[in-house]
Amino acid sequence: MVRHANSVTMLPDAPDYPLRLTIDSAALVANWSALDRLSGSAAAAAAVKSDAYGLGARRVVPLLRDAGCQTFYVAHWAEAAELLDLVPAGHLAALHGPLDARDAAFAKASGVKPVINSPHQARLWLDAGGGACDLMVDTGMNRIGISMGELGDPLIAGLEIDTLHSHLASADAQSPLNEVQRGRWLDARGQVPHRRAALANSAGIALGADYHGDITRPGLALYGGVPAAGLAEHIRQVAIPQARLIQRRSLQAGDTVGYNATFTAQGPLEIGVVSLGYADGYLRCWSGLGAMHADGAALPVLGRVSMDMTAIDLTAAPHLGEGDWVSAEYSLPEAAAISGMSQYELLTSLGRRFQR
Ligand SMILES: *Cc1c(COP(=O)(O)O)cnc(C)c1O
C-alpha cells in the first residue's frame, strides 16, 4: 500500500513501469557453460560489475553460482557489499582495489578479496591485516595495475597472492599487442609467487589455451555479447528490452512523426507509440534505424526517439493495441553494427525504469 503525504488514505500498490528487461536465464547459464568449456582446463569466473552489465547482479549471480561458477568480479566495494549474501567469502573480488583504509577494512571484515593495483594499495591492505588477495599487473594497457617495474617492490613481496591477473587491451582484435601482453604476463608470473593466474576476458577466451591460465574472466559474452567471431556460434542472446504501447494512431499521406518531423508518411499508415525512450537507454541512434517486434512481426522505428517514447510502424502487426507489449530488436552484435554503439554500451545504458 502507498500512503499520500497529506492524508491517511491508503492506495493500492503503485503500478509497475511499462518497461521490462526480460532475462533468458537458460541462455545466461548456457553462455557461462560454453565459456567455461572453451576455457579448457581453466575455470570461467564471471565479471558482474556495473550490476552485471545492467542485467541485475542479484539475479545473475545465483544463476551462475548454481551452474558452477566459483568466482565473481565487481569493480567497486559498494557493488561487492550488495552481493555478500550470495557468494561465499573469498569468491568475490573487487577489481579496483582499496582506495583508502576504509575500503581495506571492509575487505578484511567481509572476506571480499581486494585486487591490488599499486604499492599504495598493497600498503593499505597490509596495514588492514592483509591475507589472501589478488594482484593486477599492467602489461601494456596502461589502465590500472602494478607496472612490471614495480613487481620487485618489497610491499608486493609481502602479499599473499591468490590470483595474478593481467588484462588485454585488444583481445577483440588480431593485434600484436596480445602476444606482447601475454609475454609480459608470463614474465610477471615468473617473478611473483601466486596460486593461480588469469589474463582472458570474453574475447581473450577465443585467443586459445595460451591465454587461459587457471581462471578466465568473461563478462560481455555471458550476457549475449559476441566480441570475437569465434564465440558467435556459442553465445545466445540473454537480455530483451520490452515496453508497452501507450497509443495507436492512423496517419495520412504527408503526416509527420516526432520531433523535427524527420519521418513523413507516404500513404495511410497505422503507427504505435511505445513507452521506451532515450531516458531508458534506448538512445537517439535508433531514430529511423531500430525496430521492435511482436509475434514475429518486425515493427520499424519511425522518426526520432523521444525521452520516454518511440513511434513504430504497426503495418506488420495490425492487431496490436494500447497496453500491448513489444520487444526491441537487441541482439547485441547486430544492434552494435546498426547503431554504432559498442555491445557494452548497449547493455550498460539500459535505465532504471526497466523492471529486471
Ligand atoms: C570488465 C572486465 C572483464 C570482462 O571483460 P569482457 O570484455 O566484458 O568479457 C575482465 N577482466 C577485467 C579486469 C575487467 O575489468
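The values are calculated or read from the model by the stated rules, or taken from the named source; none is laboratory data. Given the structure is predicted, the values throughout are model-derived calculations rather than measurements. Here Cβ is always computed from backbone atoms with ideal geometry, including for glycine, and neighbour counts include all displayed protein chains. Side chains are part of the model used for accessible areas, which takes the heavy atoms of the whole protein and leaves out ligands, DNA and RNA. Shrake-Rupley method; radii C 1.70, N 1.55, O 1.52, S 1.80 Å.
Can you confirm whether the range 175-188 contains a residue that is under 22 Å from the mean Cα position of the chain (by Cα) and either over 22 Å from ALA75 (Cβ atoms) or not hydrophobic (A, V, I, L, M, F, W, C) (or both)? Let's see the steps before the verdict.
Start the filter on the range 175-188 by keeping residues that are under 22 Å from the mean Cα position of the chain (by Cα), which leaves none.
No: zero hits.
Can you confirm whether the range 188-209 contains a residue that is free of Cβ contacts under 8 Å to residues at least 40 places away in the same chain, open to solvent by less than 20 Å² (accessible area, probe 1.4 Å), in contact with a Ser or Thr (Cβ under 8 Å, 6 or more places away or on another chain) and within 12 Å of the ligand (Cβ to nearest atom)?
Checked the range 188-209: at least one residue is free of Cβ contacts under 8 Å to residues at least 40 places away in the same chain, open to solvent by less than 20 Å² (accessible area, probe 1.4 Å), in contact with a Ser or Thr (Cβ under 8 Å, 6 or more places away or on another chain) and within 12 Å of the ligand (Cβ to nearest atom).
Output the residues belonging to the range 154-172 that are open to solvent by 20 Å² or more (accessible area, probe 1.4 Å) and within 21 Å of the chain's Cα centre (by Cα).
HIS167, ALA169, SER170, ASP172, listed by residue number.
Taking the criterion of being under 30 Å from LEU245 (Cβ atoms) and either out of contact with any Pro (no Cβ under 7 Å at 6 or more places or on another chain) or open to solvent by 50 Å² or more (accessible area, probe 1.4 Å) (or both), would at least one residue in the range 64-86 satisfy it?
Of the residues in the range 64-86, the ones under 30 Å from LEU245 (Cβ atoms) are none.
For the range 64-86, residues under 30 Å from LEU245 (Cβ atoms) and either out of contact with any Pro (no Cβ under 7 Å at 6 or more places or on another chain) or open to solvent by 50 Å² or more (accessible area, probe 1.4 Å) (or both): absent.
Conditions (1) within 26 Å of GLU345 (Cα to Cα); (2) out of contact with any Ser or Thr (no Cβ under 7 Å at 6 or more places or on another chain), marked per residue:
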residue	(1), (2)
ALA261	no, yes
ILE271	no, yes
TRP286	yes, no
GLY290	yes, yes
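Test SER175 against the stated conditions and say whether it is free of Cβ contacts under 8 Å to residues at least 24 places away in the same chain and more than 14 Å from the ligand (Cβ to nearest atom).
Working: free of Cβ contacts under 8 Å to residues at least 24 places away in the same chain: yes; more than 14 Å from the ligand (Cβ to nearest atom): yes.
Yes; evaluated as a whole, the condition is true for this residue.
Matching residues to (1) more than 18 Å from the chain's Cα centre (by Cα); (2) over 23 Å from GLY254 (Cα atoms); (3) open to solvent by 80 Å² or more (accessible area, probe 1.4 Å):
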| residue | (1), (2), (3) |
| --- | --- |
| ARG304 | yes, no, no |
| THR310 | yes, no, no |
| GLY321 | yes, yes, no |
| ALA336 | no, yes, no |
| SER339 | no, yes, no |
| ARG353 | no, yes, no |
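With surrounded by 17 or more Cβ atoms within 10 Å (Cβ to Cβ) and either within 16 Å of the ligand (Cβ to nearest atom) or assigned to a loop (DSSP other than H, G, I, E, B) (or both) as the only criterion, which of ALA14, ALA52 stands out?
On the way: ALA14 fails: surrounded by 17 or more Cβ atoms within 10 Å (Cβ to Cβ).
Exactly one of ALA14, ALA52 is surrounded by 17 or more Cβ atoms within 10 Å (Cβ to Cβ) and either within 16 Å of the ligand (Cβ to nearest atom) or assigned to a loop (DSSP other than H, G, I, E, B) (or both), namely ALA52.
Let me confirm something: among LEU289, LEU283, which residue is touching a helix residue (DSSP H, G or I) at 6+ places or on another chain (Cβ under 7 Å), touching a residue at least 24 places away in the same chain (Cβ under 8 Å) and among the aliphatic types (A, V, I, L, M)?
LEU289
Starting from the range 109-130, take each residue that is over 20 Å from THR71 (Cα atoms) and list its partners that are among the aliphatic types (A, V, I, L, M) and assigned to a loop (DSSP other than H, G, I, E, B), counting only C-beta distances under 7 angstrom and pairs at least six apart or across chains.
ALA122/LEU159
Restricting to the range 221-263, what's the tally of residues that are touching a strand residue (DSSP E or B) at 6+ places or on another chain (Cβ under 8 Å) and within 11 Å of the ligand (Cβ to nearest atom)?
The number of residues fulfilling the criteria is 2.
Collect the residues in the range 210-250 that are open to solvent by 10 Å² or more (accessible area, probe 1.4 Å) and part of a strand (DSSP E or B), keeping them in residue-number order.
Matches in the range 210-250: ILE240, GLN242, ARG244, ILE246, GLN247, ARG248, ARG249, SER250.
Given the criteria open to solvent by 50 Å² or more (accessible area, probe 1.4 Å) and over 25 Å from ALA57 (Cβ atoms), does LEU151 qualify?
Details: open to solvent by 50 Å² or more (accessible area, probe 1.4 Å): no; over 25 Å from ALA57 (Cβ atoms): yes.
Criteria not met by LEU151.
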